[in-house]
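Step one of this worksheet: look at the structure below.
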Amino acid sequence: MGKKTTFNISKTENFSEWYSEILNKAEVTDLRYGVKGFVVIRPWGARIIDKMFRIYESALRATGHDPAIFPAVIPEKNFKRESSHVDGFAPEVFWLEDVKGDDKLALRPTSETAFYEMYNLWIRSYRDLPMKIYQRANVFRSETKATRPLIRSREFHWIESHDAFATKKDAEAQVQDDIQMTEEVMHKIFGIPFLPMKRPQWDKFPGAVYTVGSDVIMPDGKVIQQPSTHLIEQHFVKAFGVKFVDEKEKEKTPWLTCYGPCMSRILASVLAMHGDDNGLILPYTLSPVQVVIVPFKGKGVDSAVNDIRAQLLGEYIDVKVDDSDKRPGEKFFFWEMKGVPFRMEIGEKELESGEVTLFTRDTKEKISVSIRDLPEMIKNLGAEYDERLIAKADEFSLDKIVDCKDKVSIRNALDSGKIARFSFCSAEKEGASCAEYIEKELQARVMGTRADLDEKASGKCPICGKKNTVVVYAGKSY
Ligand SMILES: [Zn+2]
């Protein structure tokens, strides 16, 4: 008898337990490394992240970005060159103190101050613009709050792209393109819907004119920030002496943006959003194993399985044959728990009929598929499967937003795990004290205003009673 591999925790009733247990059971992460906020990502998690990186990087290349690899350390003097940036990040920087004969070095919490140092050398004239460079990197932030694996860690694995333009208009268009990329990749491929929120002035990236964050609603109703994009203040760029000569030989400061999709954190949303009480449900596009074959003993089965495996691999379908000596039932539960989209059962009976049985992870339905057109069928079914996951996630997220008018309804919405949408006095500095009240009294964060919609405010602020100018969203957050 092998060990029991069933997984059965109610995701809706106890999301927190579900999340930590499934990371462990499905071998996504291992928390036993022993350093707070640093987790080991095991092969099952790393292979999903690898697929996410590849998809994101090809989207970036397709939009004119080039890769670079920057050092993980940033000298203190670079880091301190722009005051709002250093003030914003200083509390969470890991410093390397004992570097003999060198400046004190920061482990990068983000790399603006590394890229700009080089953009000062690389950007000379308008002909060098736009310059769009990204790197795939790990960054470090000394979180003081309680950490949660993949959600709030002290090391995370992301892509940061730093783009330079001749005009503010071009840079602002890039911010919109970044939001569009989040839509095309994170939503339309990974199946994670989000609200593009322009952050209030008191909550923007340190050194930015403005920030647009992508807020994802998790199953427990809490909000997690996914990719954010920023238009950078020109004094930040000037602090590094980055400039260019325009067509009329005039010296100018370029406009910069940055965009930071974090694969390890998006993975948290992918696992949380799609999974069910029996474990993970991975999008077909991201699953390390897209089809697991469970063969039954019988004449001719082994060679038929080898043929099918080779056929699927030849069509770039990730397939795994589970010929371990576990009982079939155990294998079924195990791969279900790991989130594999399709399980194929093959025995003598299937070979005689020329059809295999295919179990689908999300619907738990079994269908028969002709052995002859397997690769084609699986690709089609895989595309339909991902469409279903997206539609289900969309429905879940839409249902979470509640329109509110006063303190009581805002409180009720937040306490029942929803996001409150309401008219508010201001997203500029003047609104900060009302937002602070919401944070203290209702333990929720004012997420900002929609960057993709023009929502009209009405009435008086539910907190201060002044005339409303914006529609904001508020939610509890990680
Ligand atoms: Zn107010």
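The values are calculated or read from the model by the stated rules, or taken from the named source; none is laboratory data. Here the structure is a predicted model, which means the values were calculated and not measured. Because the Cβ atoms are built from the backbone with ideal geometry, glycine has one as well, and the counts that use them run over all protein chains shown.
Evaluating ILE378 against the criteria (1) within 16 Å of the ligand (Cβ to nearest atom); (2) in contact with a Phe, Trp or Tyr (Cβ under 7 Å, 6 or more places away or on another chain) leaves one unmet condition, (1).
Looking at the range 375-410, which of the residues that are out of contact with any strand residue (DSSP E or B) (no Cβ under 8 Å at 6 or more places or on another chain) and within 19 Å of SER458 (Cα to Cα) is surrounded by the fewest Cβ atoms within 10 Å (Cβ to Cβ)? Steps first, answer last, please.
Looking only at the range 375-410, we keep the residues that are out of contact with any strand residue (DSSP E or B) (no Cβ under 8 Å at 6 or more places or on another chain), and these are 375-376, 379-380, 383-384, 386-395, 398-399, 406-408.
Right, trim to within 19 Å of SER458 (Cα to Cα) and you get 406-408.
Details: ASP406: 12, LYS407: 15, VAL408: 10.
Selected residue: VAL408.
What residue, of ALA444, ALA474, ALA432, is more than 13 Å from the ligand (Cβ to nearest atom) and out of contact with any His (no Cβ under 6 Å at 6 or more places or on another chain)?
Working: ALA474 fails: more than 13 Å from the ligand (Cβ to nearest atom); ALA432 fails: more than 13 Å from the ligand (Cβ to nearest atom).
On inspection, the qualifying residue turns out to be ALA444.
Scanning the range 175-194 for residues that are in contact with a helix residue (DSSP H, G or I) (Cβ under 8 Å, 6 or more places away or on another chain) and either in a loop (DSSP other than H, G, I, E, B) or buried (at least 24 other Cβ atoms within 10 Å of the Cβ) (or both) gives MET186, LYS188, ILE189, PHE190, GLY191, ILE192, PRO193, PHE194.
For the range 411-429, taking the residues that are surrounded by 23 or more Cβ atoms within 10 Å (Cβ to Cβ) and within 15 Å of the ligand (Cβ to nearest atom), the one that is nearest to ARG199 (Cα to Cα) is identified as ALA427.
Contact list please: Cβ distance under 7 Å, first residue in the range 449-471 and assigned to a strand (DSSP E or B) and within 16 Å of the ligand (Cβ to nearest atom), second residue at pLDDT 95 or above and polar (S, T, N, Q), pairs at least six apart or on different chains. Cβ pairs passing all conditions: LYS460/ASN468; VAL470/SER426; VAL470/THR449; VAL471/SER423; VAL471/THR449.
So, TYR437, is that one at pLDDT 95 or above, within 11 Å of the ligand (Cβ to nearest atom) and either over 29 Å from the mean Cα position of the chain (by Cα) or at negative phi (or both) or not? In short, yes.
If the condition is being in contact with a helix residue (DSSP H, G or I) (Cβ under 6 Å, 6 or more places away or on another chain) and surrounded by fewer than 18 Cβ atoms within 10 Å (Cβ to Cβ), then the range 87-118 contributes ASP103, LYS104. Is there any pair linking a residue in the range 426-438 that is charged (D, E, K, R) to one that is part of a helix (DSSP H, G or I) and more than 8 Å from the ligand (Cβ to nearest atom), with Cβ under 8 Å and at least six apart or on different chains, and which? So the pair list comes out as GLU428/GLN201; LYS429/GLN201; LYS429/TRP202. Entry remark, the range 131-153: residues being at pLDDT 95 or above and surrounded by fewer than 22 Cβ atoms within 10 Å (Cβ to Cβ) number 9 in total.
Restricted to the range 314-418, the set of helices (runs of 4 or more DSSP H) holding at least 3 residues that are touching a Lys or Arg at 6+ places or on another chain (Cβ under 8 Å) and over 30 Å from GLU439 (Cβ atoms) comprises 328-338.
Restricting to the range 229-262, count the residues that are part of a strand (DSSP E or B) and either in contact (Cβ under 8 Å) with a residue 40 or more places away in the chain or touching a His at 6+ places or on another chain (Cβ under 9 Å) (or both). Spell out how you get there, then give the answer.
So in the range 229-262, the residues part of a strand (DSSP E or B) come out as 229-232, 244-245, 251-252, 255-259, 262.
Pick out the ones that are also either in contact (Cβ under 8 Å) with a residue 40 or more places away in the chain or touching a His at 6+ places or on another chain (Cβ under 9 Å) (or both) and you get 229-232, 244-245, 252, 255-259, 262.
Counting residues in the range 229-262 that are part of a strand (DSSP E or B) and either in contact (Cβ under 8 Å) with a residue 40 or more places away in the chain or touching a His at 6+ places or on another chain (Cβ under 9 Å) (or both) gives 13.
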